[in-house]
1. Helix 73-85 sits at what angle to the longest principal axis of the chain, using alpha carbons and giving 0 to 90 degrees rounded to 10?
2. Kindly put 291, 363, 297 in sequence by how many other C-beta atoms sit within 10 Å of each C-beta, fewest to most.
3. Count the DSSP beta bridges whose two residues both fall in the chain, then state the antiparallel fraction as a percent rounded to the nearest 5.
4. Could you state the angle between the C-alpha long axis of helix 184-203 and the longest principal axis of the C-alpha atoms of the chain, as a value from 0 to 90 degrees rounded to the nearest 10?
5. Does anyone have the angle between helix 353-362 and the longest principal axis of the chain? Alpha-carbon axes, 0 to 90°, nearest 10?
6. Once each part is reduced to its C-alpha centroid, what is the distance from region 304-324 to region 246-279 in angstrom?
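All of the numbers you see were taken from the coordinates with simple rules; none came from a lab. The structure displayed is predicted, hence computed values, not measured ones. Cβ atoms come from the backbone with ideal geometry, glycine included; neighbour counts cover every protein chain shown.
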Ligand SMILES: NC(=O)c1ccc[n+]([C@@H]2O[C@H](COP(=O)([O-])OP(=O)(O)OC[C@H]3O[C@@H](n4cnc5c(N)ncnc54)[C@H](O)[C@@H]3O)[C@@H](O)[C@H]2O)c1
Ligand SMILES: [Fe+2]
């Protein structure tokens, strides 16, 4: 199997990387920037700080702070209208995966006719968008380095996954200092999302020689730093470690793939508006229990890195210990069971199980899993995670 690897042409990593934003814009001949962000980033400061840096460098700046968590096609249309009205020529995204994904979709709709839904799936975006600089503030989705965007189609209540090289940001400025404000619950949810990227990239049927080292390093960094970042908000070493883990996890999964956890998590996010990291976290142990026998040596390697078992434990026992280890990690990070998550109403959940299973399969991600489930098996897995 041939392996292809796509990442942004420029990735700047380290404390203060965000201040490179004006220099990067100048490098690409940008004159008028649309800053795409959300209310939280405007309230907490990073949104305003980036706007000020760009304005000071003499660029015209317009701010679109209308992206909601787990962004929708409507957010994208609103941002596109502002981009056009202000005659912008580039986009700077500041925030978690939501503003970055919305910015990617706005960027491609500048060059590709709407509706966005026609670009859902793999390699369907014909033309590149405008220059896009991504500055992540969660650690995280890794969206700053991926050719993936996830946007909710509000008419069908489906989280559309788009994958295309034309969605790649031009540059990523990966600055852990922006994550120091994350509260523990957000740190936990986005941190387990990162871990899920590392694990799924590594066990995926599309795992390859270019993604394996990044996936393993991502898992190692999470093992070392997630608990400290969760318990000590201002621990700079832990924040830097998790930011790097998120970036490496993004590079790994976008060039391998995500699998069944992400496939099952998107329908929960689309229907019940459960945050992406949380919907992955509640599924990860159950899906791991279902999947490990089809790739026991890979799951065993993950278990050993995470310290779930002794180094000499044989593969099957090690892989099994991962399930317990992931359940313990969730408990330590305050991640509830699926049935106890806010907004996931029981009657509706049971009524929609078949739709969720079908939507999960339609996304294509479960087909990359080491063990490929039927729709009925996915229904059972949702019930087990409840
Ligand atoms: N494109 C990809 O490769 C990719 C990968 C995984 C997930 N995703 C998508 O990313 C989205 C989730 O992104 P996310 O988990 O980063 O969260 P998010 O962007 O949805 O942000 C969640 C909340 O956290 C706040 N926040 C962000 N940074 C903060 C900080 N430093 N301090 C305090 N609060 C902060 C935001 O204002 C927001 O209210 C989902 O839509 C998911 O599907 C995309
Ligand atoms: Fe994810």
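1. 20
2. Details: 291 26, 363 23, 297 11.
With the sparsest Cβ surroundings first, the list reads 297, 363, 291.
3. Numbers: 6 of 29 bridges.
Counting DSSP beta bridges with both partners in the chain, the antiparallel share is about 20 percent.
4. Helix 184-203 sits roughly 70 degrees off the main axis of the chain.
5. Result, in degrees: 60.
6. Comparing the Cα centres of region 304-324 and region 246-279, I get a distance of 24 Å.
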